[in-house]
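Asks: Handing you a structure now.
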Amino acid sequence: MSDLQNALARVARRVQQYQLLRQKQLAPLIKADAVRAKQPVKNVLPKASKEKLRLVRSNALMITKRRFQKFFDPLNMPLLKIYDENPTPYNASQAEANLAAKLRRDKIGHFNTYLNERTIFTKMLDFLVDMTPAHLKDADTINDPNTLISVLESENTDYLSNQYSDVPRYSFSEIPPIPDPLTKDKFQKYIYTLTHTTFPYRNSSSMTSGIIPDILLSTHHLDNEKFKPFRSVETYNYLIAYFGYLKFQNVFARGLLLVMAKDGHEPNLRTLNELLKICRMHNKSRSLVSTYQVVINYLDLAKKMGLQINLTTWNRVYDCIDNIFFKELLINKILVINLPISDNMCIRILTDYCLTSRDTQQVVKFVEDELRRPKWRENPRLAERVLYHQIVNAKNDLDLQNAMDGLAKDIRMDQLSFIQIARALFENKEISASFFHLLCIYSREELAKSPEVFIALIKGICSERKTFRCEKLGFILRGIIHDATKILKLPIADIDSDQNGSKCSLKKNPYHTPQGGLDERYRMLKRITKNLLTEFEAVIIYSNKKHKTTAPMPWKMLSLAEQESWESLKLELCNQRNAHSNAAALASSIGLEPVVSEIPEKIIAKYQRSNNRSIGTSNDSRMLHKIENGFEEELEKELTERGLIPLAHR
């Protein structure tokens, strides 16, 4: 037996021994609970002991790692990094220092990073230019408008070729069932939907407790012959983007390259671009290896596979750069080699250019002359950046009124533009009553009320808890939630706590609150706005106790009388043509009074910890249930119970 075979055998034995050890640790606890409950182990979830839950919690990383290990088991490659139970000690202090250096935003910090990494960055940039096809480095392409338009349209068509315009960014209903009958095209769209749509319903998109990651792992497991005819390079690309970019599982995403090759699918250019997209997250995290070296590694892989890069590749590399000196080098290189600038790259460059000037007219001139986009007002993504610049640089409320009355009327906006306006309002500290301005825009603009609009509004309200008293602010928040429920068709019915987290996330908080489950409508809004609604709950509880008030909690639905008051308030704001120039007075007139005293942060932190413990306990119970009964068995059971698996695939 060769040395390599001996090494592989030792690794395999080590993995087996480790698995047996973990099973031995869990077995006594599982058996004890089964005896106490006098029922099969698979039904012990409601009576899970604290010891078992603690063990699951303390081994959460190991459990996740083992899930991925099982996914890679069919490769029969025990030397993969993910199987290493005794990895080389990680130099955490150096990684922390590297991250601190990357996060510095002052000129000295940027210059030091430039000095430290310019050699590897220059190497990466030269490699990128070398791999760019000749027709994208031709001066005639830039100088001939017809040729330029043809090239850009071709690139855009290729970029959109594996996307589905009818798939929403958010869905608040049950995830779609597996298509029946199943075809390759239907399966690709199904996987695209699961990986590109956020499903807050029953926390389906969650990495720890959601059903979607389980579906993706199951359908693409090499031993799952049922779905083998339908898997493709594109579905694997979707998984790389989902796990690598959205769920921060970089090592697993890279390993998918091996799985897709074993499955008979050769990576394509979109695979490369998805991997480069992950580098954007790499540059914002702790690491010992330069992000630009990782980019070089991926480019080298593409070269060995005979892949030619495209404009999207340049966009992805630009997204990886946080240093202003390196961005300048890349932009200059684009100009030198006559690379066409796509609309997506224009947006990136314009966003950075807006940081260099406070004169909006100068920004407009840059868009029209340098980026050659004279019709930028018809492009919502470009127009919103210009509007963002004017709002964020407004010196007072009057400047803001001029921006909304002038430029905003001449440009094309959509629901995503609302997000940029909200960001600008809250970033500009010279503007008073930022949320009031946003509420006025929401009340009168004829924008499609998308999930992004409601997310921005809820975040805006909750961020104003230090500015306005919570009584009126809470009413407006409940009004926004009322609109979101109606317009987004949010389900109100409660979900069984065993399936969707803690039925009561309000236990053990510092002040008394009514006990009982929260409806799924409110739970979903909490998930997509992170911790903000939870913080606002703490503010209401504290204020009611301290000031002897009875402000309703945010999850309480509006009464009929309150609905009429809410509609009247929106109509009043809609009719205020000059609301932005007199915001403070008008905000006061509708009851938004300045806060008297801020809630202590320790109260909010304590309440947040209470919620986190409750959610964590539920997730631990759910994970324990999967461990005891088997991930595949529990997945099939849940798919069946939720009506997501047709009879043909059971």
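Asks: Is the range 560-570 home to any residue that is touching a residue at least 24 places away in the same chain (Cβ under 8 Å), basic (Lys, Arg), surrounded by 13 or more Cβ atoms within 10 Å (Cβ to Cβ) and in a helix (DSSP H, G or I)?
Replies: Within the range 560-570 (the criterion being touching a residue at least 24 places away in the same chain (Cβ under 8 Å), basic (Lys, Arg), surrounded by 13 or more Cβ atoms within 10 Å (Cβ to Cβ) and in a helix (DSSP H, G or I)), the answer is yes, since at least one residue qualifies.
Asks: Follow-up question, since we're still on this one. Go through the range 297-308 and give me each residue that's buried (at least 17 other Cβ atoms within 10 Å of the Cβ) and either in a helix (DSSP H, G or I) or out of contact with any Leu (no Cβ under 7 Å at 6 or more places or on another chain) (or both). Let's see the steps before the verdict.
Replies: Taking the range 297-308 first, the residues buried (at least 17 other Cβ atoms within 10 Å of the Cβ) are 298-299, 302, 307.
Scanning the range 297-308 gives Tyr298, Leu299, Ala302.
Asks: List every residue pair whose Cβ atoms sit under 7 Å apart, with the two residues 6 or more apart in sequence or on different chains, where the first one lies in the range 630-650 and is within 14 Å of Asp214 (Cα to Cα) and the second, anywhere, is modelled with pLDDT of 85 or more and in a loop (DSSP other than H, G, I, E, B).
Replies: Glu638/Ile211; Leu644/Ile175; Leu644/Pro177; Leu644/Ile178; Ile645/Pro177; Ile645/Ile178
Asks: What is the residue count in the range 535-559 for residues that are closer than 12 Å to Arg465 by Cβ and either polar (S, T, N, Q) or in contact with a strand residue (DSSP E or B) (Cβ under 7 Å, 6 or more places away or on another chain) (or both)?
Replies: Counting residues in the range 535-559 that are closer than 12 Å to Arg465 by Cβ and either polar (S, T, N, Q) or in contact with a strand residue (DSSP E or B) (Cβ under 7 Å, 6 or more places away or on another chain) (or both) gives 1.
Asks: Same structure, new question: Could you tell me which residue of the range 222-243 is farthest from Val259 (Cα to Cα), considering only residues that are of a type in the set (A, V, I, L, M) and touching a helix residue (DSSP H, G or I) at 6+ places or on another chain (Cβ under 6 Å)?
Replies: Taking the range 222-243 and keeping what is of a type in the set (A, V, I, L, M), we get 222, 233, 239-241.
Cutting the leftovers down to touching a helix residue (DSSP H, G or I) at 6+ places or on another chain (Cβ under 6 Å) gives us 222, 239-241.
On the way: Leu222: 7, Leu239: 11, Ile240: 11, Ala241: 15 Å.
Per the criteria, the residue is Ala241.
Asks: Let me ask something else about it. Could you grab the pairs with beta carbons closer than 7 Å, sequence gap of 6+ or different chains, first residue in the range 146-174 and in contact (Cβ under 8 Å) with a residue 40 or more places away in the chain, second one acidic (Asp, Glu)?
Replies: Asn162/Glu234
Asks: Would you say Arg373 is in contact with a Leu (Cβ under 8 Å, 6 or more places away or on another chain), touching a residue at least 24 places away in the same chain (Cβ under 8 Å) and not in a helix (DSSP H, G or I)? Before the answer, list the steps.
Replies: Working: in contact with a Leu (Cβ under 8 Å, 6 or more places away or on another chain): yes; touching a residue at least 24 places away in the same chain (Cβ under 8 Å): yes; not in a helix (DSSP H, G or I): yes.
Answer is yes for this residue.
Residues are listed down the side, and each one gets a yes or a no for (1) touching a helix residue (DSSP H, G or I) at 6+ places or on another chain (Cβ under 9 Å); (2) at pLDDT below 95; (3) β-branched (Val, Ile, Thr):
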site	(1), (2), (3)
His220	yes, no, no
Tyr245	yes, yes, no
Gly255	yes, yes, no
Lys284	yes, yes, no
Val289	yes, yes, yes
Leu307	yes, yes, no
Cys320	yes, yes, no
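Asks: Given the options Lys65, Lys70, Lys47, name the one that is modelled with pLDDT under 80 and among the charged types (D, E, K, R). Let's see the steps before the verdict.
Replies: Working: Lys65 fails: modelled with pLDDT under 80; Lys70 fails: modelled with pLDDT under 80.
None of the others qualify; the one that does is Lys47.
Asks: I'm trying to understand the selection: among the residues of the range 309-347, which are among the polar types (S, T, N, Q) and part of a helix (DSSP H, G or I)?
Replies: Going through the range 309-347, the residues among the polar types (S, T, N, Q) turn out to be 310, 312-313, 315, 323, 332, 338, 342, 344.
Listed by number, the residues that qualify are Thr312, Thr313, Asn315, Asn332, Asn344.
The values are calculated or read from the model by the stated rules, or taken from the named source; none is laboratory data. What you see is a predicted model; the values in this text were computed from it and never measured. FYI the Cβ positions are ideal-geometry reconstructions off the backbone, even for glycines, and counts take in every protein chain you see.
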